[in-house]
Amino acid sequence: MKNKDLSFWLFLTPVLLALAIVVFIPLIIGTYYSFTDWNGLTVTKFVGFEHYLNILKDETFIDALKFTTLFSIVAVILLNIIGLGLAILVTQKLKSSNFLRTIFFMPNLIGGLILGFIWQFVFINVFGEIGQSLGIPSLQGWLSTTNTGFWGLVILTIWQMSGYIMIIYIAYLQNIPNELNEAADIDGASSLQRFRHITFPLVAPAFTVSMFLTLSNAFKIYDQNLSLTEGGPFGSTQMVAMDIVRTAYTRNQLAYGQAKAVIFFIIIAVIALSQVYYNKKREVDL
Amino acid sequence: MYFFKLICERLQKIGGKKMSKHLKGLIVLLLAVLVLAACGGDGSSESNANGDDTSGEEQITINVFQGKVEIKDQFEAMVEVYEEENPNVNIEFVAVGGGSDYIGSLKTRFSSGDEPEIFSIAGPTEAEQFKDYLADLSDTESAQLAFEGTLDSVRDGDAVLGLPYNLEGYGYIYNKEIFENAGVDASSIMTYEDLENAFSTIDSQKDDLGIVAVNALGAKERWIIGAHLANAYLAPEFNNNILEAYNADTVTFERGDELKRMLDLQVEYSVQPTLNIDYSQQVEQYFSLGQVAVIQQGNWIYPSVEQMDPDLAQNLGILPIPVEGLEGKLPVGVPNYWGVNKNKDEATVQAAKDFLDWMNTSEVGKETVTSEFNFIPAYEGYSADMINDPISKEIFRYSEAGETIGWVFNGFPSNSWGDLLGEFMQEYIADGLEWEDVLTNATEKWEEGRN
């Protein structure tokens, strides 16, 4: 195959250039800065692995990492269950299915910052009012404790992203040939059995895509975190991305923040790549 | 693009089949970079040509780079007057802020070589970072006129590295109408006990006064408690001198008990849960709508209150935070400083200094600064009558009389120790931490930040 001739590279050039300018070069420069005492203006000396060793002892970073990991696990599981559920719902022969699809997808079109403020109002004022008038104390004071802050973030993320995941599942669900289901039906398979043995294996590729998307998105969340809880109360709902921004810009330790960012990058890359590898092996080809 | 292809084919012929695929890719890449670079070059030469049309006299351009977006139009109007008086000076104003990161943008400007002539810095941390770029301003008229103590945080030996923008002050801002209705005389409140009595008097008549609570403590904002409230009790420890705080290796919390007492008082009489109340809820939802009688805030809330309720805005007063032995003193400080870039030629540096002096001392400048920017002047030569809003007026009177407590929180370690202290205080409010632990943890963090 002679597809890698000159025109191949020629067509690739703009993309390669763009990638190099906005991804590869900053990555290399950033990694370099993480080994220095860069303060945003000048580099005076090379400090080796000092920043990286400090990160191991940095409680705020480790707390943020734990919080983010827990959040991502819960969010990924719930997102995929709810996304798949919605997809199955709207692929039934319902009159309103197109309307429902639009509705479910809509939250995805709203920016994270605004969503955060909307949900802040819902959690604090709406929940508070309902709790007060019905006398349910657990609905009051949301976001003022670590637990409610955590679930607030989970609910917000699910509300925002499940519509997107639903679209991915719909695409795969509609690709399942009808004959398979019909044949199984004739053979007397129950709907649960049909889901378990036909639908589930055939939408497996969708898991790869959507788990990859949800996991890396959940890990990288920043704007929702910022507008909903701002890391509070007492910094207990602060995620890694926010910790990095605060280290670099509020505390003015740019090189140290850069070192955190490099570690964050490695963690996300490892998770994402291993997950793609693992899921690829399980996929069923039609 | 055809020309491009020709070169490539020519190169291919030269290289023949021996040329590896990678090499080919590399050449294509290089050529593309060259083409792009050529385009870029065109643009820059054009802009050079534009800047060249001077009319005889040497033209000086001063770029002003700073973080207050809200004064942009007013500043430009003032600049026009100055440019008419000084035709050889051209002032360009850039405002970065309102959500975008000012200091990050400033660093970008410096590292890209496009350095502004005048820029703003906040406090000693930034003054030290930009020390290599900041000219000595001690010979300016403004520096002579600046209120005592306002230059502390930008002093470097005998040199003065910045000139104050303005003053800002905070304390307990109260709704005069509610205080009157409750029969509380604000002017008699001096000590902590007075304040406590006032709070409980108002609290007992909550329903009659139509308020939900006496005050709203914005404990969600770490700076309200960790920087501002704590500052009132930390400043005396550092003799009200920000540089002393900036150079201190540790903090002893001499007045830690007083801080606790005041925090407890505010939490007790606040709308609950305090950890949910952010700045906008505190100022807009609770205070401006008349749901609480008093909040711990500063003169910067005036525009928001005015927008929501102009009558209330004219009916505001401010009380100092009572600190034992220092009753009746208001925490007043300088949020930002003007700095002049010293890496420019002498004439430009002088022109920049002249402009800053003109802004702070000429009639037009004074008028704009007070009534258009709504600044509280940090210089002598102004009178309280020039200031529009009632809170700023009172703050100016306090500073004129020297009845102030300094702002030391810009001298906290790595700029954000106040946030950390605020987090520990939040944990204390949520009953997750004993008060002694708040102080020990905070002291530990201070010492960490100084190493």
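Being within 11 Å of chain A (Cβ to nearest Cβ) and open to solvent by 60 Å² or more (accessible area, probe 1.4 Å) is the filter here, so list the residues in segment B:116-141 that pass it.
B:E128, B:K131, B:D132 - these are the residues of segment B:116-141 that are within 11 Å of chain A (Cβ to nearest Cβ) and open to solvent by 60 Å² or more (accessible area, probe 1.4 Å).
Quick check on B:L356: is it assigned by TED's automatic domain parsing to the domain that holds B:R255 and in contact (Cβ under 8 Å) with a residue 12 or more places away in the chain?
Considered against the rule, which asks whether it is assigned by TED's automatic domain parsing to the domain that holds B:R255 and in contact (Cβ under 8 Å) with a residue 12 or more places away in the chain, B:L356 comes out as no.
State all residues of segment A:176-198 that are under 15 Å from A:Q92 (Cβ atoms) and surrounded by 11 or more Cβ atoms within 10 Å (Cβ to Cβ); if no residue qualifies, say none.
A:I176, A:N181, A:S191, A:R194, A:F195
Answer with yes or no whether B:P331 is closer than 30 Å to B:S138 by Cβ and either at pLDDT below 90 or in a strand (DSSP E or B) (or both).
Answer is yes for this residue.
Being of a type in the set (D, E, K, R) and either over 23 Å from the mean Cα position of the chain (by Cα) or under 15 Å from A:L156 (Cα atoms) (or both) is the filter here; which residues of segment A:83-133 pass it?
A:K93, A:K95, A:E129
Go through the residues of segment B:399-416 one by one and say whether even a single one is out of contact with any Asp or Glu (no Cβ under 7 Å at 6 or more places or on another chain), facing chain A (nearest Cβ under 10 Å) and surrounded by fewer than 22 Cβ atoms within 10 Å (Cβ to Cβ).
Checked segment B:399-416: at least one residue is out of contact with any Asp or Glu (no Cβ under 7 Å at 6 or more places or on another chain), facing chain A (nearest Cβ under 10 Å) and surrounded by fewer than 22 Cβ atoms within 10 Å (Cβ to Cβ).
Return the pair list, or none, for Cβ contacts closer than 7 Å from residues in segment B:148-172 that are assigned by TED's automatic domain parsing to the domain that holds B:N299 and closer than 16 Å to B:Y246 by Cβ to residues that are surrounded by 20 or more Cβ atoms within 10 Å (Cβ to Cβ) and at pLDDT 90 or above, at least 6 apart or on different chains.
Here the result reads none, with nothing in segment B:148-172 linked to a residue that is surrounded by 20 or more Cβ atoms within 10 Å (Cβ to Cβ) and at pLDDT 90 or above.
When you look at B:A230, is it touching a residue at least 24 places away in the same chain (Cβ under 8 Å), open to solvent by less than 50 Å² (accessible area, probe 1.4 Å) and within 20 Å of B:T274 (Cα to Cα), yes or no?
yes
For B:W417, all conditions in the list (1) over 18 Å from the mean Cα position of the chain (by Cα); (2) not assigned by TED's automatic domain parsing to the domain that holds B:Y82 hold save one; what is the number of the exception?
Evaluating B:W417 over (1) over 18 Å from the mean Cα position of the chain (by Cα); (2) not assigned by TED's automatic domain parsing to the domain that holds B:Y82 leaves (1) as the failure.
So, of the residues in segment B:80-115 that are over 15 Å from the mean Cα position of the chain (by Cα) and part of a loop (DSSP other than H, G, I, E, B), which turns out to be farthest from the other protein chains (Cβ to nearest Cβ)?
The qualifying residue farthest from the other protein chains (Cβ to nearest Cβ) is B:P87.
Taking the residues in segment A:2-59 that are open to solvent by 100 Å² or more (accessible area, probe 1.4 Å), in a loop (DSSP other than H, G, I, E, B) and of a type outside the set (V, I, T) as candidates, determine which candidate is nearest to the other protein chains (Cβ to nearest Cβ).
Here the residue is A:K4.
Given the options B:Y174, B:Y192, B:Y170, name the one that is surrounded by fewer than 23 Cβ atoms within 10 Å (Cβ to Cβ), modelled with pLDDT of 90 or more and aromatic (F, W, Y).
None of the other options fit; the residue is B:Y192.
Please work out which one of (1) part of a helix (DSSP H, G or I); (2) within 12 Å of chain B (Cβ to nearest Cβ) is the condition A:V74 fails and give its number.
It fails just one condition, (2).
Considering only segment A:216-274, state which residues are within 12 Å of chain B (Cβ to nearest Cβ), open to solvent by less than 20 Å² (accessible area, probe 1.4 Å) and not in a helix (DSSP H, G or I).
Within segment A:216-274, A:T229, A:G231, A:G232, A:P233, A:T237, A:Q238 qualify.
Mind checking whether some residue in segment A:105-113 is assigned to a helix (DSSP H, G or I) and within 13 Å of chain B (Cβ to nearest Cβ)?
Within segment A:105-113, one or more residues are assigned to a helix (DSSP H, G or I) and within 13 Å of chain B (Cβ to nearest Cβ).
The values are calculated or read from the model by the stated rules, or taken from the named source; none is laboratory data. Computed from a predicted structure; not experimentally measured. Glycine also receives a Cβ, built like all others from the backbone with ideal geometry; neighbour counts cover every protein chain displayed. Accessible surface areas use protein heavy atoms only, side chains included; no ligands, DNA or RNA. Shrake-Rupley method; radii C 1.70, N 1.55, O 1.52, S 1.80 Å.
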